[in-house]
């Protein structure tokens, strides 16, 4: 008969089903490091807030008095950055840019630039079909993620 601790371990291991052992070890090590600084008993909300603060600190860059930038999202092919100006929204607002994984030049995320970027690649037809139906910066209302990146993630998974 399994006790409470055994059942809890099995619940955690069920979440890791399908991973390689090295990935599971890496996650367990990250959990161990996270718990080092946390009070007892463990509070999911406190750990979540702590992780969010670390992510913000690691991903937001100040642009002096002009504003700040941060990594919005990424996939195997693109990194998407948001630049937010300190000016009022109607004067500056937010600008969304992307970079390719191998080329770190910032390119404004719009229909024209996506077509130009993928013109001579295997993804050309997929990007063209996507842009016929969607705006370049359209987000999935459920996930809040760019639909383009969700599409590119599915292409990546099909190749594996």
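Every read-out reported here was derived from the displayed coordinates using simple, explicitly stated rules and does not represent laboratory data. Quick caveat: nothing in here was measured; it's all calculated off a predicted structure. All Cβ positions, even for glycine, are placed from backbone atoms using ideal geometry, and neighbour counts span all protein chains on display.
Taking each residue as 0.36 nm, the span from residue 111 to residue 16 lengthens on full extension beyond its C-alpha to C-alpha distance by 30.4 nm. Here the spin labels are modelled as points 7 Å beyond Cα on the Cα-Cβ line, and at residue 135 and residue 122 they lie 3.2 nm apart. You can think of it this way: the chain between residue 47 and residue 35 has 3.5 nm of extra reach, that is 0.36 nm per residue less the Cα-Cα gap. Label separation (residue 70 vs residue 26): 2.4 nm, computed from points 7 Å beyond Cα along the C-beta direction. Note on the range 66-159: Cα convex hull, mean projected area over all directions, 6.9 nm².
From the Cα gyration tensor of the range 4-57, with a ≥ b ≥ c the square roots of its eigenvalues, which class applies: rounded if a/c is under 1.5, or else prolate if a/b is larger than b/c, or else oblate? Oblate, because a/c is 1.5 or more while a/b does not exceed b/c. With both labels modelled 7 Å from their Cα along Cα-to-Cβ, the residue 100 to residue 153 distance reads 2.3 nm. In this structure, residue 145 and residue 1 have a Cβ-Cβ separation that, at R0 = 45 Å, corresponds to a calculated FRET efficiency of about 0.55.
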